[in-house]
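Have a look at this one.
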Amino acid sequence: MKPFRIGEYDVWSVIEREGPLRPPAIMFPRSNPERAAELLATMPATVWSPTTGILFNTYQSFVLRSSRRTVVIDTCVGDNKARPPHFNYPKKSWLDGFTSGRLKLDDVNLVINTHLHVDHCGWNTRLAGDRWVPTFPKARYFMGSSEYDYWRDQTALGFELPGRIWTDSALPLVTGGQAELVPMDAQITGDIRLLPTPGHTPGHVCVELRSGGERAIFVGDLMHHPIQCWEPDWSSCFCVDPVAAAVTRRRFFEEYADSGAVIVPEHFPYPTAGRIRTSGKAFAWDFA
């Protein structure tokens, strides 16, 4: 992501993986092929491949740093965890981003998960011997209580991958007393709050930062690709409730289009951040 500043906060990202992922027909099951091709033809080659038609995707954690605190939003896939084979790519780039001269794991004060999917909470913990310990040892972790409870219940029902994710990346922090389970509209600090955006998962939230009269909203998986600004009804193949996700996305666009707020989706490739604007009776995306 191209770094930027919101009030007293410097904002940048630490990338775990970037590159091509899926074609529109698979990523967005309700998409129309002709409409998708029409829209993609107007977009830069940084967000899709004109040769193959495959959409580009980034896994990244966002760092918000001021003189008072360092915050991490979402923690990608993680390492040494039992995950499907396509998640077994090298993770050194992410670790290097948190062990450079600019930033260390011990510097992080707060970690916020927008939701508990595999690519948003994996580095919550790391393997130390035979135990999962906090990757950020001095941080308080914040998770939505309804999100945590939903995946706890899915685990109890025997769903394997959600069970592994919840067991190794969420449960150890709660039992260890380092996590706080909060309402979906929680005020985390004086300048950071959660915005309820259910649908992609039942407890999905966005994270709003307000500082110095400026505003940025880190939207997690509210949207996966700029194409959804033009077609907000196209929910991803990963949405637990695609109908509810589309309703939430449209309401979000209606509220924040033309507002000046910087919108930061996790999976958008470089430069990542941008703004939503109205375009006739619909919406459009502009990279910042």
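The values are calculated or read from the model by the stated rules, or taken from the named source; none is laboratory data. Quick caveat, the model's predicted, so the values are computed rather than measured. Note: ideal-geometry Cβ built from the backbone for every residue, glycine included; neighbour counts use all protein chains shown.
Pull out all pairs, ordered by first then second residue, where Cβ-Cβ is under 8 Å, the residues are six or more apart or on different chains, the first lies in the stretch 1-24 and is without any contact (Cβ under 8 Å) to a residue 40 or more places away in the chain, and the second is surrounded by fewer than 17 Cβ atoms within 10 Å (Cβ to Cβ) and among the small types (Gly, Ala, Ser).
Pro20/Ser49; Pro23/Gly53
Quick check on my filter: what residues within the stretch 74-87 are out of contact with any Ser or Thr (no Cβ under 7 Å at 6 or more places or on another chain) and of a type outside the set (D, E, K, R)?
To start, the set of residues in the stretch 74-87 that are out of contact with any Ser or Thr (no Cβ under 7 Å at 6 or more places or on another chain) comprises 77, 79-87.
Listed by number, the residues that qualify are Val77, Asn80, Ala82, Pro84, Pro85, His86, Phe87.
Which residues, counting only those in the stretch 168-185, are crowded, with 16+ Cβ neighbours inside 10 Å and either free of Cβ contacts under 8 Å to residues at least 24 places away in the same chain or farther than 22 Å from Pro134 by Cα (or both)?
Answer for the stretch 168-185, where residues must be crowded, with 16+ Cβ neighbours inside 10 Å and either free of Cβ contacts under 8 Å to residues at least 24 places away in the same chain or farther than 22 Å from Pro134 by Cα (or both): Leu171, Met184.
Here's a follow-up. Does the stretch 80-136 hold any residues that are β-branched (Val, Ile, Thr), at pLDDT 95 or above and either surrounded by fewer than 17 Cβ atoms within 10 Å (Cβ to Cβ) or under 19 Å from Arg164 (Cα atoms) (or both), and which are they?
Keep residues of the stretch 80-136 that are β-branched (Val, Ile, Thr), which gives 99, 108, 111-112, 114, 118, 125, 133, 135.
Imposing the further condition that a residue be at pLDDT 95 or above reduces the set to 108, 111-112, 114, 118, 125, 133, 135.
Listed by number, the residues that qualify are Thr114, Val118, Thr125, Val133, Thr135.
For the stretch 188-280, which strands (runs of 3 or more DSSP E) that fit wholly inside it have 2 or more residues that are in contact with a Cys (Cβ under 8 Å, 6 or more places away or on another chain)?
Working: elements: 192-196, 205-211, 214-220, 262-265, 274-279.
By residue number, 192-196, 214-220.
OK, next. Return yes when Ala186 is among the aliphatic types (A, V, I, L, M) and closer than 26 Å to Glu8 by Cβ and no when it is not.
Details: among the aliphatic types (A, V, I, L, M): yes; closer than 26 Å to Glu8 by Cβ: yes.
The answer is yes for Ala186.
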